[in-house]
Every structure is written in structure tokens, then in C-alpha cells.
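Here the structure is laid out as C-alpha cells; the discussion comes afterwards.
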Amino acid sequence: MPRSGAGTPGTARTGGTSYRDVGLHSLDTAARAATTGDSTDHERVLRERQDLIRLCLYALDRARSAGVAERIEEGLAAVGVTSLRPDGDRFDPARHEAGGVTDTEDPALAGTVAETEVVGFADRGRTLRVPVVTVYTRKEPG
């Protein structure tokens, strides 16, 4: 039999309301405020979203577990933040940062992205961080 005040695992209770329920209520209230034209609340919600995205990217860069990194990336994708891995694309200095070069004898590969060194991210099409890439360069024979 659960102790008095105990909730389901991962859910603390105060009175008849769980902390999880309070969080959902706060999110619902913020979402309603954002859609009813209250610009102050809307701007605050957008700032908080940006702060959370920034924190997730910070955590992702430092994640030691591939599973944790994958889960963070999936969570970001669920809210519209997509990863940018341009492997095989033409190098574009307006969209990519060259972190290094690697030689190739194949002229068709020259100027394309060989590898993504640091994953980039975009929030609903707006670049948050450009990917850092290694670019193929033509190795001159001889």
C-alpha cells in the first residue's frame, strides 16, 4: 500500500495535484496566453523556448552516451529543431563552416562535404548553428 501522499513513480503529490499536473497546467496556460494575443506572455514563452533549446544543444554537445544524445536530438526534432548534417552536399560557405579539408583524386567529389564534424541545427528553417564540416579538395596528381 502506498504511503500517504505518494503518487505514481516520478510524480510527487501535494494535496490532490501532482507536480507533473501543475507543470502541464502551466504549459497549457502559457500556450493559451500565446494564442490569445497577450504579447508579453507570448514573448516570454518564446524566450523560454529559446533558452530551453540552447540548454538542450549545450547538453547534446556534452553527452557521453550515444543513446542520450539521440534522445535529446529526437526531443528537439519533436519541437521543430532539426539537425543539419550536409555530408555529400556541395560546400556552401554561407551555410557551412569549413573545419578542415581532405584530399580526393575524384574530381566529382572536389568541393563537397566529406564529413560533418559538428552537427548544425535549425529551428523551423532558421539556422541556430551552422555545421562544421570537412571538405573534399582535389589532390593534384604528381
List, please: which pairs have Cβ atoms under 7 Å, are six or more places apart or on different chains, and start with a residue in segment 75-91 that is of a type in the set (Gly, Ala, Ser) and end with one that is open to solvent by 70 Å² or more (accessible area, probe 1.4 Å)?
Gly80/Arg124
For segment 67-83 the number of residues that are open to solvent by 50 Å² or more (accessible area, probe 1.4 Å) and either at pLDDT below 95 or not in a helix (DSSP H, G or I) (or both) is 2
Give all pairs with beta carbons closer than 8 Å in which a residue from segment 122-141 that is in contact (Cβ under 8 Å) with a residue 40 or more places away in the chain and under 11 Å from Thr82 (Cβ atoms) meets a residue that is surrounded by 14 or more Cβ atoms within 10 Å (Cβ to Cβ) and of a type in the set (Lys, Arg); count only pairs at least 6 apart in sequence or on separate chains.
Thr127/Arg95
Applying the selection to segment 103-136, what residues are open to solvent by 50 Å² or more (accessible area, probe 1.4 Å), farther than 30 Å from Leu46 by Cα and part of a strand (DSSP E or B)?
Asp103, Glu115, Tyr136
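Would you confirm, using the coordinates I've provided, whether Arg49 is at pLDDT 60 or above, under 15 Å from the mean Cα position of the chain (by Cα), open to solvent by 90 Å² or more (accessible area, probe 1.4 Å) and closer than 30 Å to Glu117 by Cβ? Let's see the steps before the verdict.
On the way: at pLDDT 60 or above: yes; under 15 Å from the mean Cα position of the chain (by Cα): yes; open to solvent by 90 Å² or more (accessible area, probe 1.4 Å): no; closer than 30 Å to Glu117 by Cβ: yes.
Considered against the rule, which asks whether it is at pLDDT 60 or above, under 15 Å from the mean Cα position of the chain (by Cα), open to solvent by 90 Å² or more (accessible area, probe 1.4 Å) and closer than 30 Å to Glu117 by Cβ, Arg49 comes out as no.
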Among (1) touching a strand residue (DSSP E or B) at 6+ places or on another chain (Cβ under 7 Å); (2) surrounded by 13 or more Cβ atoms within 10 Å (Cβ to Cβ); (3) not aromatic (Phe, Trp, Tyr), Arg90 falls short only on (2)
Which of the numbered conditions does Asp92 fail, given that it passes all the others? Conditions: (1) in a strand (DSSP E or B); (2) under 29 Å from Ala59 (Cβ atoms).
(1)
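The values are calculated or read from the model by the stated rules, or taken from the named source; none is laboratory data. Predicted, not measured: the structure shown is a model, and the values here were computed from it. Counting neighbours? That spans all protein chains shown, and the Cβs are built from the backbone with ideal geometry, glycine included. To get the accessible areas, we keep the full protein, side chains included, count just its heavy atoms, and leave off ligands, DNA and RNA. Shrake-Rupley method; radii C 1.70, N 1.55, O 1.52, S 1.80 Å.
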